[in-house]
Amino acid sequence: MEVVGRAETAVHSPALLDGEEVNDWSKEDDDSVEETTLPAPAIGVESERVDSPPFKPAQRCHEEVESNLQELQLEKKELKLLGHEEIQDPGEKEEEKKRHLNVVFIGHVDAGKSTTGGQLLLLSGQVDDRTIQKYEKEAKEKNRESWYMAYIMDTNEEERIKGKTVEVGRAHFETENTRFTILDAPGHKSYVPNMISGASQADVGVLVISARKGEFETGYEKGGQTREHVQLAKTLGVSKLVVVVNKMDEPTVNWAKERYDEIETKMIPFLKSSGYNARKDVHFLPISGLMGVNMASRVDKKVCSWWDGPCLFEVLDSIEIPLRDPKGPIRMPIIDKYKDMGTVLMGKIESGTIQEGDSLLVMPNKAHVKVLAIFCDEKKTRWAGPGENVRVKVSGVEEEDILSGFVLSSVVNPVNAVFEFNAQLQILELLDNAIFTAGYKAILHIHSIVEESEIVELIEEIDVKKKKDADPKKRKPKRKPLFVKNGAVVVCRVQVNNLICIENFADFPQLGRFTLRTEGKTIAVGKVVALPAPGNSTFAS
(Lines give C-alpha, C1' and ligand atoms only; values in the text may rest on other atoms or scores of the structure.)
Protein backbone atom coordinates (compact mmCIF):
# COMPACT_ATOMS: atom_id res chain seq x y z
CA MET A 1 0.00 0.00 0.00
CA GLU A 2 1.47 3.31 -1.01
CA VAL A 3 0.26 6.59 0.40
CA VAL A 4 2.07 9.59 -0.95
CA GLY A 5 1.50 13.24 -0.17
CA ARG A 6 0.97 15.81 -2.87
CA ALA A 7 4.15 16.78 -4.59
CA GLU A 8 4.73 20.52 -4.68
CA THR A 9 5.60 21.54 -8.24
CA ALA A 10 8.16 24.23 -8.74
CA VAL A 11 9.76 25.61 -11.89
CA HIS A 12 13.54 25.74 -11.72
CA SER A 13 16.13 26.80 -14.24
CA PRO A 14 18.28 23.78 -15.20
CA ALA A 15 21.64 23.50 -13.48
CA LEU A 16 24.53 21.18 -14.34
CA LEU A 17 25.92 18.69 -11.84
CA ASP A 18 28.88 19.18 -9.51
CA GLY A 19 28.59 22.94 -9.33
CA GLU A 20 29.23 23.59 -13.06
CA GLU A 21 28.11 26.86 -14.56
CA VAL A 22 24.49 27.22 -15.52
CA ASN A 23 23.70 27.37 -19.25
CA ASP A 24 20.69 29.62 -19.62
CA TRP A 25 19.73 28.90 -23.23
CA SER A 26 17.14 31.68 -23.45
CA LYS A 27 19.81 34.20 -22.47
CA GLU A 28 22.22 32.84 -25.11
CA ASP A 29 19.54 33.22 -27.80
CA ASP A 30 19.00 36.86 -26.85
CA ASP A 31 22.75 37.55 -26.88
CA SER A 32 23.05 36.06 -30.36
CA VAL A 33 20.28 38.33 -31.63
CA GLU A 34 21.84 41.39 -30.03
CA GLU A 35 25.32 40.65 -31.39
CA THR A 36 24.30 39.96 -34.99
CA THR A 37 21.46 42.46 -35.47
CA LEU A 38 22.40 45.79 -37.02
CA PRO A 39 21.68 49.05 -35.19
CA ALA A 40 18.06 50.20 -35.47
CA PRO A 41 18.70 53.29 -37.65
CA ALA A 42 20.46 51.24 -40.34
CA ILE A 43 17.60 48.75 -40.53
CA GLY A 44 14.97 51.51 -40.58
CA VAL A 45 16.45 53.49 -43.56
CA GLU A 46 14.15 53.59 -46.60
CA SER A 47 12.04 50.78 -45.35
CA GLU A 48 9.60 51.21 -48.25
CA ARG A 49 12.25 50.37 -50.91
CA VAL A 50 12.55 46.60 -50.97
CA ASP A 51 15.26 46.48 -53.67
CA SER A 52 17.47 49.08 -51.95
CA PRO A 53 21.20 48.03 -51.54
CA PRO A 54 21.42 48.88 -47.78
CA PHE A 55 18.97 46.05 -47.03
CA LYS A 56 21.21 43.26 -48.45
CA PRO A 57 23.63 43.06 -45.50
CA ALA A 58 20.65 43.22 -43.07
CA GLN A 59 19.00 40.27 -44.85
CA ARG A 60 22.24 38.30 -44.63
CA CYS A 61 22.44 39.11 -40.90
CA HIS A 62 18.86 37.95 -40.34
CA GLU A 63 19.63 34.73 -42.18
CA GLU A 64 22.67 34.18 -39.92
CA VAL A 65 20.53 34.84 -36.83
CA GLU A 66 17.94 32.32 -37.99
CA SER A 67 20.61 29.68 -38.69
CA ASN A 68 22.17 30.33 -35.25
CA LEU A 69 18.80 29.93 -33.57
CA GLN A 70 18.20 26.68 -35.47
CA GLU A 71 21.60 25.37 -34.34
CA LEU A 72 20.78 26.25 -30.71
CA GLN A 73 17.42 24.48 -30.96
CA LEU A 74 19.19 21.41 -32.38
CA GLU A 75 21.64 21.51 -29.46
CA LYS A 76 18.71 21.62 -27.03
CA LYS A 77 17.12 18.61 -28.70
CA GLU A 78 20.43 16.69 -28.59
CA LEU A 79 20.72 17.40 -24.86
CA LYS A 80 17.18 16.08 -24.32
CA LEU A 81 18.00 12.95 -26.34
CA LEU A 82 21.15 12.40 -24.27
CA GLY A 83 18.82 12.25 -21.24
CA HIS A 84 17.62 14.89 -18.81
CA GLU A 85 19.69 13.15 -16.12
CA GLU A 86 22.61 15.31 -17.22
CA ILE A 87 20.69 18.43 -16.16
CA GLN A 88 19.95 18.50 -12.47
CA ASP A 89 17.32 20.57 -10.82
CA PRO A 90 18.91 22.98 -8.32
CA GLY A 91 16.21 21.87 -5.87
CA GLU A 92 18.03 18.51 -5.70
CA LYS A 93 21.09 20.14 -4.17
CA GLU A 94 18.86 21.72 -1.53
CA GLU A 95 17.36 18.33 -0.77
CA GLU A 96 20.80 16.74 -0.49
CA LYS A 97 21.48 18.99 2.49
CA LYS A 98 18.43 17.55 4.24
CA ARG A 99 18.99 14.28 6.01
CA HIS A 100 16.49 11.45 5.57
CA LEU A 101 14.82 9.47 8.38
CA ASN A 102 12.45 6.50 8.26
CA VAL A 103 9.88 6.67 11.07
CA VAL A 104 7.66 3.70 11.97
CA PHE A 105 4.47 4.16 14.01
CA ILE A 106 4.01 1.23 16.40
CA GLY A 107 1.78 0.41 19.36
CA HIS A 108 -1.32 -1.46 20.48
CA VAL A 109 -4.40 -1.64 18.25
CA ASP A 110 -6.62 1.50 18.49
CA ALA A 111 -3.89 3.60 20.12
CA GLY A 112 -4.22 6.15 17.28
CA LYS A 113 -1.21 5.36 15.06
CA SER A 114 -2.91 6.00 11.68
CA THR A 115 -4.71 9.07 13.02
CA THR A 116 -1.43 10.56 14.33
CA GLY A 117 0.34 9.76 11.03
CA GLY A 118 -2.48 11.35 9.04
CA GLN A 119 -2.41 14.45 11.23
CA LEU A 120 1.36 14.77 10.63
CA LEU A 121 0.76 14.81 6.88
CA LEU A 122 -2.04 17.37 7.21
CA LEU A 123 0.04 19.68 9.42
CA SER A 124 3.05 19.45 7.08
CA GLY A 125 0.91 20.45 4.08
CA GLN A 126 0.87 17.07 2.32
CA VAL A 127 -2.95 16.80 2.36
CA ASP A 128 -5.36 19.55 1.29
CA ASP A 129 -8.62 20.60 2.99
CA ARG A 130 -10.74 19.24 0.14
CA THR A 131 -9.37 15.73 0.68
CA ILE A 132 -9.97 15.99 4.43
CA GLN A 133 -13.59 17.07 3.83
CA LYS A 134 -14.05 14.05 1.57
CA TYR A 135 -12.68 11.72 4.28
CA GLU A 136 -14.87 13.34 6.94
CA LYS A 137 -17.96 12.72 4.80
CA GLU A 138 -16.90 9.12 4.10
CA ALA A 139 -16.27 8.41 7.81
CA LYS A 140 -19.62 9.95 8.77
CA GLU A 141 -21.42 7.68 6.31
CA LYS A 142 -19.81 4.70 8.07
CA ASN A 143 -20.80 6.12 11.50
CA ARG A 144 -17.09 6.47 12.35
CA GLU A 145 -16.70 10.26 12.56
CA SER A 146 -13.43 10.12 14.54
CA TRP A 147 -11.73 7.84 11.99
CA TYR A 148 -11.48 10.37 9.15
CA MET A 149 -7.88 11.34 9.93
CA ALA A 150 -6.78 7.68 9.79
CA TYR A 151 -8.13 7.46 6.22
CA ILE A 152 -5.10 9.47 5.06
CA MET A 153 -2.87 6.50 5.93
CA ASP A 154 -5.42 3.65 5.64
CA THR A 155 -6.28 3.68 1.93
CA ASN A 156 -7.46 0.07 1.78
CA GLU A 157 -11.28 -0.28 1.90
CA GLU A 158 -11.00 -3.28 4.25
CA GLU A 159 -8.93 -1.17 6.65
CA ARG A 160 -11.47 1.65 6.57
CA ILE A 161 -14.43 -0.63 7.25
CA LYS A 162 -12.75 -2.47 10.15
CA GLY A 163 -10.86 0.57 11.45
CA LYS A 164 -7.70 -1.57 11.64
CA THR A 165 -4.46 -1.12 9.70
CA VAL A 166 -3.49 -4.32 7.87
CA GLU A 167 -0.66 -3.39 5.52
CA VAL A 168 2.24 -1.02 6.20
CA GLY A 169 1.17 2.45 5.02
CA ARG A 170 3.85 4.68 3.53
CA ALA A 171 3.95 8.46 3.14
CA HIS A 172 6.43 11.36 3.04
CA PHE A 173 6.70 14.76 4.68
CA GLU A 174 9.40 17.34 5.39
CA THR A 175 10.46 19.69 8.16
CA GLU A 176 13.09 22.43 7.96
CA ASN A 177 16.04 20.05 8.34
CA THR A 178 14.76 16.56 7.59
CA ARG A 179 12.89 14.51 4.99
CA PHE A 180 10.76 11.83 6.63
CA THR A 181 9.26 8.60 5.35
CA ILE A 182 6.35 7.50 7.58
CA LEU A 183 5.73 3.76 7.93
CA ASP A 184 2.35 3.10 9.57
CA ALA A 185 2.56 -0.42 11.07
CA PRO A 186 -0.53 -2.49 11.97
CA GLY A 187 -1.20 -2.86 15.70
CA HIS A 188 -3.34 -6.00 15.71
CA LYS A 189 -1.54 -9.19 16.78
CA SER A 190 -2.73 -11.00 13.63
CA TYR A 191 -0.65 -8.64 11.48
CA VAL A 192 2.63 -8.64 13.47
CA PRO A 193 4.57 -10.04 10.44
CA ASN A 194 3.55 -6.88 8.53
CA MET A 195 4.65 -4.76 11.49
CA ILE A 196 8.05 -6.53 11.41
CA SER A 197 8.36 -5.68 7.71
CA GLY A 198 7.72 -1.98 8.46
CA ALA A 199 9.99 -1.78 11.51
CA SER A 200 12.88 -3.44 9.67
CA GLN A 201 13.00 -0.40 7.34
CA ALA A 202 12.90 2.21 10.12
CA ASP A 203 15.51 4.30 11.96
CA VAL A 204 13.16 5.86 14.52
CA GLY A 205 10.06 4.46 16.20
CA VAL A 206 7.06 6.47 17.37
CA LEU A 207 5.39 4.35 20.05
CA VAL A 208 1.78 5.55 20.30
CA ILE A 209 0.15 4.88 23.68
CA SER A 210 -3.49 5.64 24.49
CA ALA A 211 -3.96 7.60 27.71
CA ARG A 212 -7.65 6.62 27.85
CA LYS A 213 -8.47 4.67 30.99
CA GLY A 214 -8.22 0.94 30.35
CA GLU A 215 -6.64 1.24 26.86
CA PHE A 216 -3.06 1.75 28.08
CA GLU A 217 -3.45 -1.14 30.54
CA THR A 218 -4.74 -3.50 27.81
CA GLY A 219 -1.76 -2.77 25.56
CA TYR A 220 0.80 -2.92 28.36
CA GLU A 221 -0.37 -6.09 30.09
CA LYS A 222 1.08 -9.51 29.27
CA GLY A 223 0.13 -10.33 25.68
CA GLY A 224 -0.50 -6.68 24.74
CA GLN A 225 1.00 -5.37 21.52
CA THR A 226 2.72 -2.41 23.24
CA ARG A 227 5.18 -4.83 24.85
CA GLU A 228 5.75 -7.00 21.78
CA HIS A 229 6.15 -4.02 19.45
CA VAL A 230 8.83 -2.45 21.69
CA GLN A 231 10.81 -5.70 21.86
CA LEU A 232 10.54 -6.23 18.11
CA ALA A 233 11.48 -2.62 17.33
CA LYS A 234 14.70 -2.90 19.35
CA THR A 235 15.56 -6.23 17.76
CA LEU A 236 14.89 -4.90 14.26
CA GLY A 237 17.27 -1.96 14.70
CA VAL A 238 14.99 0.91 15.69
CA SER A 239 17.62 2.70 17.78
CA LYS A 240 15.56 5.71 18.94
CA LEU A 241 12.04 5.73 20.35
CA VAL A 242 9.58 8.61 20.71
CA VAL A 243 6.82 7.63 23.15
CA VAL A 244 3.74 9.77 22.45
CA VAL A 245 0.99 9.58 25.07
CA ASN A 246 -2.01 10.07 22.79
CA LYS A 247 -5.69 10.93 23.49
CA MET A 248 -4.72 13.34 26.28
CA ASP A 249 -7.80 15.43 25.34
CA GLU A 250 -10.12 12.49 26.07
CA PRO A 251 -12.75 13.43 28.74
CA THR A 252 -11.51 10.73 31.18
CA VAL A 253 -7.96 12.17 30.97
CA ASN A 254 -8.38 15.90 30.20
CA TRP A 255 -4.61 16.54 30.02
CA ALA A 256 -4.10 15.26 33.59
CA LYS A 257 -0.44 15.23 34.63
CA GLU A 258 -1.11 12.33 37.01
CA ARG A 259 -2.16 10.03 34.14
CA TYR A 260 0.84 11.04 32.00
CA ASP A 261 3.25 10.44 34.91
CA GLU A 262 1.65 7.07 35.67
CA ILE A 263 2.21 5.88 32.08
CA GLU A 264 5.80 7.18 31.97
CA THR A 265 6.64 5.56 35.34
CA LYS A 266 5.35 2.17 34.16
CA MET A 267 6.97 2.32 30.72
CA ILE A 268 10.53 3.34 31.66
CA PRO A 269 11.53 0.08 33.47
CA PHE A 270 10.08 -1.98 30.61
CA LEU A 271 11.92 0.08 27.97
CA LYS A 272 15.18 -0.39 29.90
CA SER A 273 14.63 -4.17 30.08
CA SER A 274 14.07 -4.16 26.29
CA GLY A 275 17.51 -2.63 25.71
CA TYR A 276 16.74 1.09 25.37
CA ASN A 277 18.68 3.74 27.27
CA ALA A 278 15.83 5.76 28.81
CA ARG A 279 17.89 8.97 28.93
CA LYS A 280 19.56 8.91 25.51
CA ASP A 281 17.28 6.84 23.29
CA VAL A 282 13.74 7.61 24.52
CA HIS A 283 11.65 10.81 24.41
CA PHE A 284 8.23 11.08 26.10
CA LEU A 285 5.61 13.71 25.21
CA PRO A 286 1.81 14.17 25.44
CA ILE A 287 -0.26 14.79 22.29
CA SER A 288 -3.74 14.68 20.81
CA GLY A 289 -3.42 12.96 17.42
CA LEU A 290 -7.03 13.66 16.39
CA MET A 291 -6.87 17.39 17.16
CA GLY A 292 -3.17 17.85 16.28
CA VAL A 293 -2.27 19.34 19.68
CA ASN A 294 1.46 19.47 20.60
CA MET A 295 2.44 18.14 17.19
CA ALA A 296 3.49 20.91 14.77
CA SER A 297 3.57 23.58 17.51
CA ARG A 298 3.82 23.47 21.28
CA VAL A 299 0.67 22.97 23.31
CA ASP A 300 -1.00 26.12 24.64
CA LYS A 301 -0.53 26.69 28.38
CA LYS A 302 -4.30 27.18 28.66
CA VAL A 303 -4.77 23.60 27.47
CA CYS A 304 -1.87 21.97 29.32
CA SER A 305 -0.21 24.17 31.93
CA TRP A 306 2.38 21.63 33.15
CA TRP A 307 4.08 20.70 29.84
CA ASP A 308 7.21 22.77 29.07
CA GLY A 309 8.83 20.37 26.61
CA PRO A 310 9.02 20.33 22.80
CA CYS A 311 6.32 19.34 20.31
CA LEU A 312 6.48 16.19 18.12
CA PHE A 313 7.97 17.94 15.06
CA GLU A 314 10.77 19.41 17.20
CA VAL A 315 11.58 16.04 18.76
CA LEU A 316 11.70 14.25 15.38
CA ASP A 317 13.84 17.02 13.87
CA SER A 318 16.39 16.85 16.69
CA ILE A 319 16.87 13.06 16.84
CA GLU A 320 20.40 11.94 16.03
CA ILE A 321 20.97 8.47 14.58
CA PRO A 322 24.23 6.64 13.74
CA LEU A 323 25.49 7.38 10.24
CA ARG A 324 25.76 4.54 7.73
CA ASP A 325 28.70 4.10 5.36
CA PRO A 326 27.96 5.62 1.92
CA LYS A 327 31.23 4.15 0.56
CA GLY A 328 30.65 0.61 1.88
CA PRO A 329 29.60 -2.42 -0.20
CA ILE A 330 26.05 -2.09 -1.53
CA ARG A 331 23.35 -3.90 0.44
CA MET A 332 19.66 -3.36 -0.35
CA PRO A 333 17.18 -6.00 0.91
CA ILE A 334 14.29 -6.23 -1.57
CA ILE A 335 10.84 -5.86 0.02
CA ASP A 336 8.77 -5.85 -3.18
CA LYS A 337 9.03 -5.77 -6.97
CA TYR A 338 6.89 -5.04 -10.05
CA LYS A 339 7.11 -4.57 -13.82
CA ASP A 340 7.23 -1.10 -15.39
CA MET A 341 9.22 -0.92 -18.64
CA GLY A 342 11.75 -3.12 -16.87
CA THR A 343 11.95 -4.70 -13.42
CA VAL A 344 11.52 -2.31 -10.48
CA LEU A 345 12.94 -3.35 -7.08
CA MET A 346 11.74 -1.70 -3.86
CA GLY A 347 13.78 -1.56 -0.66
CA LYS A 348 15.91 0.39 1.76
CA ILE A 349 19.62 0.87 1.09
CA GLU A 350 21.42 -0.34 4.23
CA SER A 351 24.98 0.25 3.00
CA GLY A 352 26.77 1.86 0.06
CA THR A 353 25.53 4.19 -2.69
CA ILE A 354 23.59 3.14 -5.80
CA GLN A 355 24.05 5.19 -8.99
CA GLU A 356 22.49 5.10 -12.43
CA GLY A 357 24.50 2.83 -14.72
CA ASP A 358 25.85 0.65 -11.88
CA SER A 359 26.32 -3.06 -12.52
CA LEU A 360 25.08 -4.96 -9.47
CA LEU A 361 24.23 -8.48 -8.34
CA VAL A 362 20.87 -9.82 -7.11
CA MET A 363 21.53 -12.52 -4.52
CA PRO A 364 21.13 -15.40 -3.90
CA ASN A 365 20.30 -16.20 -7.56
CA LYS A 366 23.46 -14.35 -8.74
CA ALA A 367 21.64 -12.37 -11.44
CA HIS A 368 23.76 -9.58 -12.94
CA VAL A 369 21.70 -6.41 -13.40
CA LYS A 370 22.25 -2.86 -14.62
CA VAL A 371 20.65 0.13 -12.87
CA LEU A 372 18.49 2.08 -15.35
CA ALA A 373 16.80 4.56 -12.99
CA ILE A 374 16.44 5.37 -9.29
CA PHE A 375 13.34 6.90 -7.68
CA CYS A 376 13.38 8.37 -4.20
CA ASP A 377 10.21 9.85 -2.61
CA GLU A 378 8.53 9.61 -6.04
CA LYS A 379 11.26 11.78 -7.61
CA LYS A 380 13.84 10.53 -10.09
CA THR A 381 17.41 10.90 -8.88
CA ARG A 382 20.84 9.95 -10.21
CA TRP A 383 22.02 8.32 -6.98
CA ALA A 384 20.83 7.31 -3.53
CA GLY A 385 22.76 6.62 -0.33
CA PRO A 386 22.26 4.52 2.80
CA GLY A 387 19.01 4.98 4.72
CA GLU A 388 16.97 5.88 1.62
CA ASN A 389 13.80 3.99 0.73
CA VAL A 390 14.07 3.69 -3.04
CA ARG A 391 12.68 2.08 -6.16
CA VAL A 392 15.44 0.90 -8.50
CA LYS A 393 14.63 0.06 -12.13
CA VAL A 394 17.01 -2.61 -13.47
CA SER A 395 17.60 -4.65 -16.61
CA GLY A 396 18.99 -8.18 -16.80
CA VAL A 397 16.46 -9.98 -14.59
CA GLU A 398 12.77 -10.83 -14.86
CA GLU A 399 10.30 -9.73 -12.20
CA GLU A 400 9.14 -13.34 -11.58
CA ASP A 401 12.73 -14.38 -10.75
CA ILE A 402 12.87 -11.98 -7.76
CA LEU A 403 11.50 -12.80 -4.32
CA SER A 404 11.03 -10.65 -1.23
CA GLY A 405 14.16 -11.15 0.89
CA PHE A 406 16.60 -11.18 -2.04
CA VAL A 407 19.37 -8.60 -1.71
CA LEU A 408 20.76 -6.18 -4.29
CA SER A 409 24.52 -6.11 -3.64
CA SER A 410 27.94 -5.24 -5.01
CA VAL A 411 29.48 -7.55 -7.63
CA VAL A 412 32.94 -7.36 -6.04
CA ASN A 413 31.74 -7.88 -2.46
CA PRO A 414 28.42 -9.76 -2.63
CA VAL A 415 26.20 -10.55 0.34
CA ASN A 416 26.54 -14.02 1.95
CA ALA A 417 23.97 -16.62 0.84
CA VAL A 418 23.69 -19.53 3.30
CA PHE A 419 21.58 -22.48 4.46
CA GLU A 420 22.78 -22.27 8.08
CA PHE A 421 24.42 -19.89 10.55
CA ASN A 422 25.38 -19.58 14.21
CA ALA A 423 23.33 -17.16 16.31
CA GLN A 424 23.17 -15.75 19.80
CA LEU A 425 19.55 -16.02 20.93
CA GLN A 426 17.67 -14.60 23.86
CA ILE A 427 14.62 -16.69 24.70
CA LEU A 428 11.70 -14.39 25.53
CA GLU A 429 8.65 -16.56 26.08
CA LEU A 430 8.22 -20.14 24.92
CA LEU A 431 4.77 -21.55 24.35
CA ASP A 432 3.21 -23.64 27.13
CA ASN A 433 5.09 -26.85 27.91
CA ALA A 434 7.60 -26.20 25.09
CA ILE A 435 11.30 -26.98 25.47
CA PHE A 436 13.89 -25.08 23.46
CA THR A 437 16.25 -27.76 22.21
CA ALA A 438 17.75 -29.16 19.03
CA GLY A 439 14.88 -29.84 16.61
CA TYR A 440 12.84 -26.78 17.68
CA LYS A 441 11.14 -25.22 14.64
CA ALA A 442 10.03 -21.58 14.23
CA ILE A 443 9.49 -18.89 11.59
CA LEU A 444 12.63 -16.78 11.06
CA HIS A 445 12.18 -13.02 10.36
CA ILE A 446 15.43 -11.32 9.27
CA HIS A 447 15.28 -8.01 7.29
CA SER A 448 12.63 -8.76 4.61
CA ILE A 449 13.05 -12.56 4.81
CA VAL A 450 10.34 -14.81 6.25
CA GLU A 451 11.58 -18.42 6.28
CA GLU A 452 10.92 -21.64 8.16
CA SER A 453 13.89 -22.56 10.35
CA GLU A 454 15.09 -25.29 12.68
CA ILE A 455 17.52 -25.25 15.61
CA VAL A 456 19.94 -28.06 14.75
CA GLU A 457 22.39 -27.66 17.65
CA LEU A 458 22.72 -25.83 20.98
CA ILE A 459 26.37 -24.81 21.23
CA GLU A 460 26.66 -22.86 24.50
CA GLU A 461 24.48 -21.26 27.15
CA ILE A 462 25.70 -17.81 28.23
CA ASP A 463 25.36 -16.84 31.88
CA VAL A 464 24.57 -13.11 31.68
CA LYS A 465 24.68 -12.70 35.48
CA LYS A 466 28.30 -13.79 35.88
CA LYS A 467 31.01 -11.33 34.95
CA LYS A 468 33.19 -12.33 32.03
CA ASP A 469 36.60 -13.70 32.96
CA ALA A 470 39.39 -11.19 32.48
CA ASP A 471 41.41 -13.75 30.51
CA PRO A 472 39.28 -15.62 27.96
CA LYS A 473 41.98 -18.34 27.73
CA LYS A 474 41.27 -19.32 31.34
CA ARG A 475 37.61 -19.95 30.63
CA LYS A 476 36.72 -23.59 31.00
CA PRO A 477 34.98 -25.13 28.00
CA LYS A 478 31.33 -25.71 28.83
CA ARG A 479 29.32 -28.77 27.98
CA LYS A 480 26.76 -28.24 25.27
CA PRO A 481 23.32 -27.76 26.85
CA LEU A 482 20.55 -30.21 25.99
CA PHE A 483 17.80 -27.59 26.42
CA VAL A 484 17.23 -24.05 27.76
CA LYS A 485 14.33 -22.24 29.48
CA ASN A 486 12.63 -18.83 29.24
CA GLY A 487 15.04 -15.92 29.68
CA ALA A 488 18.12 -17.94 28.69
CA VAL A 489 20.80 -16.62 26.32
CA VAL A 490 22.18 -19.36 24.10
CA VAL A 491 24.50 -19.73 21.11
CA CYS A 492 22.97 -22.17 18.63
CA ARG A 493 23.07 -23.26 14.99
CA VAL A 494 20.04 -22.36 12.86
CA GLN A 495 19.21 -24.09 9.58
CA VAL A 496 16.78 -23.08 6.80
CA ASN A 497 15.42 -24.89 3.75
CA ASN A 498 16.20 -22.19 1.15
CA LEU A 499 19.27 -20.02 0.59
CA ILE A 500 18.97 -16.75 2.52
CA CYS A 501 21.06 -13.57 2.27
CA ILE A 502 22.38 -12.47 5.67
CA GLU A 503 25.50 -10.96 7.24
CA ASN A 504 27.30 -11.08 10.57
CA PHE A 505 25.69 -8.65 13.03
CA ALA A 506 29.11 -7.08 13.69
CA ASP A 507 29.52 -6.19 9.98
CA PHE A 508 25.98 -5.23 8.92
CA PRO A 509 23.60 -5.00 11.92
CA GLN A 510 20.47 -4.59 9.76
CA LEU A 511 21.19 -7.86 7.93
CA GLY A 512 22.29 -9.71 11.06
CA ARG A 513 19.47 -9.28 13.60
CA PHE A 514 16.36 -11.45 13.62
CA THR A 515 13.33 -12.76 15.50
CA LEU A 516 11.89 -16.25 15.86
CA ARG A 517 8.09 -16.57 15.98
CA THR A 518 5.73 -19.48 16.32
CA GLU A 519 1.93 -19.65 16.42
CA GLY A 520 1.66 -15.86 16.29
CA LYS A 521 4.04 -15.20 19.22
CA THR A 522 7.61 -13.89 19.30
CA ILE A 523 9.55 -16.51 21.24
CA ALA A 524 13.15 -15.30 20.75
CA VAL A 525 15.30 -12.49 19.38
CA GLY A 526 18.86 -12.88 18.19
CA LYS A 527 21.85 -11.87 16.12
CA VAL A 528 24.06 -13.68 13.62
CA VAL A 529 27.51 -14.36 15.14
CA ALA A 530 29.10 -16.75 12.61
CA LEU A 531 28.64 -17.70 8.96
CA PRO A 532 30.12 -20.52 6.85
CA ALA A 533 33.45 -19.80 5.14
CA PRO A 534 33.22 -17.44 2.11
CA GLY A 535 31.90 -19.30 -0.91
CA ASN A 536 30.19 -21.95 1.22
CA SER A 537 26.52 -22.09 2.18
CA THR A 538 26.96 -24.60 5.05
CA PHE A 539 29.54 -25.22 7.76
CA ALA A 540 32.16 -27.88 7.04
CA SER A 541 31.19 -31.06 8.86
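Couple of notes before you dig in:
- Surface/4 of the Cα convex hull for region 204-322, nm²: 7.1 nm²
- Taking one quarter of the surface of the C-alpha convex hull of region 362-433 gives a mean projected area of 8.5 nm².
- In the context of the full set of protein chains, residues of region 289-357 present 49 Å² of accessible surface per residue (probe radius 1.4 Å, heavy atoms only).
- Loop sites in region 276-356: chymotrypsin sites (Phe, Trp or Tyr not before Pro), DSSP, at most 14 other Cβ within 10 Å: TRP306
- Based on Cα contacts under 8 Å between residues 6+ apart, region 236-380 shows a relative contact order of 15 percent.
- If R0 equals 45 Å, the separation of the Cβ atoms of ARG279 and ALA540 corresponds to a calculated FRET efficiency of about 0.45.
- Computed over protein heavy atoms with a 1.4 Å probe, the carbon and sulfur contribution to the accessible area of region 366-441 reaches 48%.
- Distance between the modelled labels on LYS480 and ILE435, one decimal in nanometres: 1.6 nm (7 Å Cα→Cβ projection).
- Subtracting the Cα-Cα distance of ASN177 and GLU519 from 0.36 nm times their residue separation leaves 118.8 nm of extension gain.
- Pairwise FRET efficiency - VAL303 versus ILE462, Cβ, R0 = 41 Å, nearest 0.05: 0.25
- The listed peptides 441-454, 321-334, 224-237, ordered by packing as a protection proxy, come out as 224-237, 441-454, 321-334 (highest mean of other Cβ atoms within 10 Å first).
- Sorted peptide list for 520-528, 114-122, criterion being average Cβ within 10 angstrom, highest first: 114-122, 520-528
- Applying the Karplus relation 6.51 cos²θ - 1.76 cosθ + 1.60 with θ = phi - 60° to region 368-373 yields 3J(HN,Hα) values of 7, 10, 10, 7, 8, 7 Hz, where x marks Gly and Pro.
- Spacing of the two label points (7 Å from each Cα toward its C-beta) at HIS368 and ALA506, in nm: 3.4 nm
- Phi angles across region 120-133 convert, under the Karplus curve 6.51 cos²θ - 1.76 cosθ + 1.60 with θ = phi - 60°, into 3J(HN,Hα) values of 4, 5, 5, 5, 8, x, 8, 10, 8, 4, 5, 5, 4, 4 Hz, Gly and Pro given as x.
- Percent accessible area from carbon and sulfur atoms, region 170-266, protein chains only, probe 1.4 Å: 46 percent
- Charge sum, other residues only, whose C-beta stays under 14 Å from ARG298's C-beta, Lys/Arg counted +1 and Asp/Glu -1: -2
- Segment ALA530-MET291, extension gain: residue separation times 0.36 nm, minus the distance between their alpha carbons: 81.1 nm
- From phi via Karplus (6.51, -1.76, 1.60), per-residue ³J(HN,Hα) for region 488-500 in Hz, x at Gly/Pro: 6, 10, 9, 9, 9, 9, 10, 10, 10, 7, 10, 4, 10
The values are calculated or read from the model by the stated rules, or taken from the named source; none is laboratory data. Nothing here was measured: the structure is a model prediction, and the numbers come from that model. In this analysis, Cβ positions are derived from the backbone assuming ideal geometry, glycine residues included, and neighbour counts consider all displayed protein chains. All accessible areas refer to the heavy atoms of the entire protein, side chains included, with ligands and DNA or RNA removed. Shrake-Rupley method; radii C 1.70, N 1.55, O 1.52, S 1.80 Å.
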